[in-house]
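One structure is given below, encoded as structure tokens.
The values are calculated or read from the model by the stated rules, or taken from the named source; none is laboratory data. Treat the numbers as computed from the prediction; the structure is a model and nothing was measured. Glycine also receives a Cβ, built like all others from the backbone with ideal geometry; neighbour counts cover every protein chain displayed.
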Amino acid sequence: MPPKPMVPLAKKLLKGVIVLELLGVFGVYGLFQKMNTSQDFRSTMKKRLPSVLEVFYQSNEWAGIYGIRERDQDAWSTKIN
């Protein structure tokens, strides 16, 4: 009896990898959109994941969009906790 070919398993694994990558891309896009539209969410990200917030600021600055970091810092410094 000849061994079964690995082709069906490889196809399933490849489809799984593609699905995971697509979920990751859409997840990152959703996170970026939420951070881009909500200063309150950026404040939450500052407390929970400051490195992710820094990547958000840098990506906007590399794209030529400046002032978000400064506006956030001004708003957060005047906010009474």
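I'm trying to understand the selection: among the residues of segment 35-81, which are in a helix (DSSP H, G or I) and among the small types (Gly, Ala, Ser)?
Ser43, Ser51, Ser59, Ala75, Ser77
Which one of the conditions (1) surrounded by fewer than 11 Cβ atoms within 10 Å (Cβ to Cβ); (2) touching a Lys or Arg at 6+ places or on another chain (Cβ under 7 Å) does Phe41 fail to meet, given that it meets all the rest?
(1)
Gly30 - would you say it is in a loop (DSSP other than H, G, I, E, B) and at pLDDT 95 or above?
The answer is no for Gly30.
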